[in-house]
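The structure under discussion appears below in the form of structure tokens.
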Amino acid sequence: MKSKIVIIGAGNVGTTLAFSIIHQGLCNELVMIDLNREKVLGEVIDLQHANVFMDRKIAIKSGSYEDCAGADIVVITACAPMNPEADNRLGMLEESKNIMKAIIPAVMENGFDGIMLLVSNPVDVMSYYAWKLSGLPKERVIGSGTVLDTARLTCLLSHLFDINAKSIDINVICEHGDTEAVVWSTATIGGKRLEKVMKDNVDRVCDISYEQMRKDTIDAGWKIFHRKGNTSYGIAASVSSIIKSIVFDEDRIYPVSVYLDDIYGLKDVYLSLPAVINKSGVREIVKLNLSEEELQGLTVSYRVLRGS
Ligand code: NAD
């Protein structure tokens, strides 16, 4: 498997993602681009040294937008410096839009024709914006969406029931942000409905409500951010899993930010929903049998994101 990945934004997320990618041998060529040329060069040399210990020899370099030609995947993690007091991703909207206006045309002018992965926040809006600016087919512009939120909730449930996270099947959907919703109705642990697991384990669950778990999932990112100034490992692992499904054509399902073209009656927006990911990008969106309440949650996010 040969593949070339370009990461734009060599900050905390971009560099942790690069480390995750080379550790898993997900490409044979990795290019990093950042406005801060000294920093990106330092990161690249450090990564080259790390690659000495890894199974796959990867050509890692600090590059320019010309390197987007022939790239299979371009990942965008660039952002303006974050306000340490921030507690809302939509607050980053205007600055992020301006950064996209600078980056996306430069990527496309160099003949990029692969899959674009958005990580910069607010990620659902940035995915829509990148899709519009790039002119790429909707299947090939994907946001990391609620993959990380789903991991955070899975981690919480894994601790609550002392069960390996891989045996938990749940989806956080809608916005990667305050209006995110959990699809409780289809969630299972080892094939058993979560609702039944909750009822059968009152000694473990105590008085934790579904709404409290949703709120804890939303707050998890801010809890990390306000302590260490960024979040990096969880998002890097989330994005490298998406990348793995693309480069190995895995057809795995992740709740990514995708273009909605009349699904659940919603259209012309990027929202996070489970989707099958393979070498062509989004193969299809998985339509769930959502409850009335879950459908209302989707509508709330839709209104917020359409208004952004
Ligand atoms: P950071 O400040 O450490 O890094 C941002 C990098 O972008 C900097 O190195 C900066 O020089 C670079 N940059 C800025 N403008 C650029 C441009 N025009 N061209 C090229 N490079 C440019 O930030 P971070 O902690 O790495 O976070 C990056 C983004 O990822 C943020 O938007 C953050 O909110 C987002 N994030 C998303 C998720 C998610 O689940 N989607 C999770 C964590 C972080």
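The values are calculated or read from the model by the stated rules, or taken from the named source; none is laboratory data. Nothing here was measured: the structure is a model prediction, and the numbers come from that model. FYI the Cβ positions are ideal-geometry reconstructions off the backbone, even for glycines, and counts take in every protein chain you see.
A few remarks follow.
- When Met92 is tested against (1) modelled with pLDDT of 95 or more; (2) within 30 Å of Leu260 (Cβ to Cβ), only condition (1) is not met.
- Here the strands (runs of 3 or more DSSP E) wholly within segment 53-156 that include at least 3 residues being farther than 30 Å from Ala181 by Cβ are 59-62.
- Within segment 25-54, tally of residues that are touching an Asp or Glu at 6+ places or on another chain (Cβ under 8 Å) and more than 16 Å from the ligand (Cβ to nearest atom): 2
- Within segment 84-143, the set of residues being near the ligand (Cβ under 8 Å from one of its atoms), farther than 29 Å from Asp249 by Cβ and either surrounded by fewer than 21 Cβ atoms within 10 Å (Cβ to Cβ) or among the aliphatic types (A, V, I, L, M) (or both) comprises Met92, Ile99, Ala102.
- Take the conditions (1) without any contact (Cβ under 8 Å) to a residue 12 or more places away in the chain; (2) of a type in the set (A, V, I, L, M); (3) surrounded by 14 or more Cβ atoms within 10 Å (Cβ to Cβ); Val202 misses just one of them, which is (3).
- Filter pass, Ile22 being within 16 Å of the ligand (Cβ to nearest atom) and touching a helix residue (DSSP H, G or I) at 6+ places or on another chain (Cβ under 9 Å): no
- Single residue of Ala151, Ala181, Ala165 found to be away from the ligand (no atom under 14 Å from the Cβ), farther than 18 Å from Val286 by Cα, touching a helix residue (DSSP H, G or I) at 6+ places or on another chain (Cβ under 8 Å) and of a type outside the set (Ser, Thr, Tyr): Ala165
- Odd one out for Ile5, checked against (1) within 13 Å of the ligand (Cβ to nearest atom); (2) of a type in the set (Val, Ile, Thr); (3) within 17 Å of Lys57 (Cβ to Cβ): (1)
- The selection criterion, being within 16 Å of the ligand (Cβ to nearest atom), buried (at least 18 other Cβ atoms within 10 Å of the Cβ) and of a type in the set (Asp, Glu), holds for Asp67.
- Scanning segment 174-219 for residues that are within 24 Å of Arg303 (Cβ to Cβ) and not in a helix (DSSP H, G or I) gives Cys174, Glu175, His176, Gly177, Asp178, Thr179, Glu180, Ala181, Val182, Val183.
- Consider segment 221-235 and keep the residues that are closer than 12 Å to Ala18 by Cα and within 9 Å of the ligand (Cβ to nearest atom). The one that is surrounded by the fewest Cβ atoms within 10 Å (Cβ to Cβ) is Ser232.
- Given (1) charged (D, E, K, R); (2) without any contact (Cβ under 8 Å) to a residue 12 or more places away in the chain; (3) not in a helix (DSSP H, G or I), number of the condition Glu293 does not satisfy: (3)
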